[in-house]
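The values are calculated or read from the model by the stated rules, or taken from the named source; none is laboratory data. Here the structure is a predicted model, which means the values were calculated and not measured. Glycine also receives a Cβ, built like all others from the backbone with ideal geometry; neighbour counts cover every protein chain displayed.
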């Protein structure tokens, strides 16, 4: 029993490391989408100011 | 709560964009007095031609360079369908609808708003270039929608 508990303890330590997946691709796409939204909004706002 | 470093970055980017957007919105609203074209001024659309300011449709001069244009939108025309102002004039458009929802759009200007029955819809524009400005309805209002237009002559 004591040995099993020890194994469990070991497993607990491993679990977070397994969940830590790479977010690099997600990050790039989120930033590209963000830049597109900010860019298109800024372009519209510039047209609005230019026509005032 | 554990947040990945990338998650922190894109959350900061999103919240930062929101802060910038709301700050600009606040500056234009409170600093420059921008407001939605349809505000709290209302009229009785059933009796529009007897209600001020639409009982006197057309152009009224307010001061040397400022005019007020009271325009009624209806299926499928604007009344009046032509106005004339000198170059450099600022025109305040008061537009309301006698029937369904229309729009009042002067292409290539910031004048582009919905004309809702029962509301006085307002916009202001300074005409610095001479020419004939087309005004269109860009809110589909029925079978004659495509022919609904008027002109502003700037001389």
From the list B:41, B:73, B:69, which residue is under 18 Å from the mean Cα position of the chain (by Cα), at pLDDT 90 or above and more than 13 Å from residue B:98 (Cα to Cα)?
-> B:69
Picking from B:85, B:20, B:43, which residue would you name as being farther than 27 Å from residue B:144 by Cα and away from every other protein chain (no Cβ under 14 Å)?
-> B:85
What pairs can you find where one residue is in the range B:38-55 and closer than 20 Å to residue B:124 by Cα, the other is surrounded by 15 or more Cβ atoms within 10 Å (Cβ to Cβ) and at pLDDT below 85, and their Cβ atoms are less than 8 Å apart, with a gap of 6+ or different chains?
-> B:43/B:51
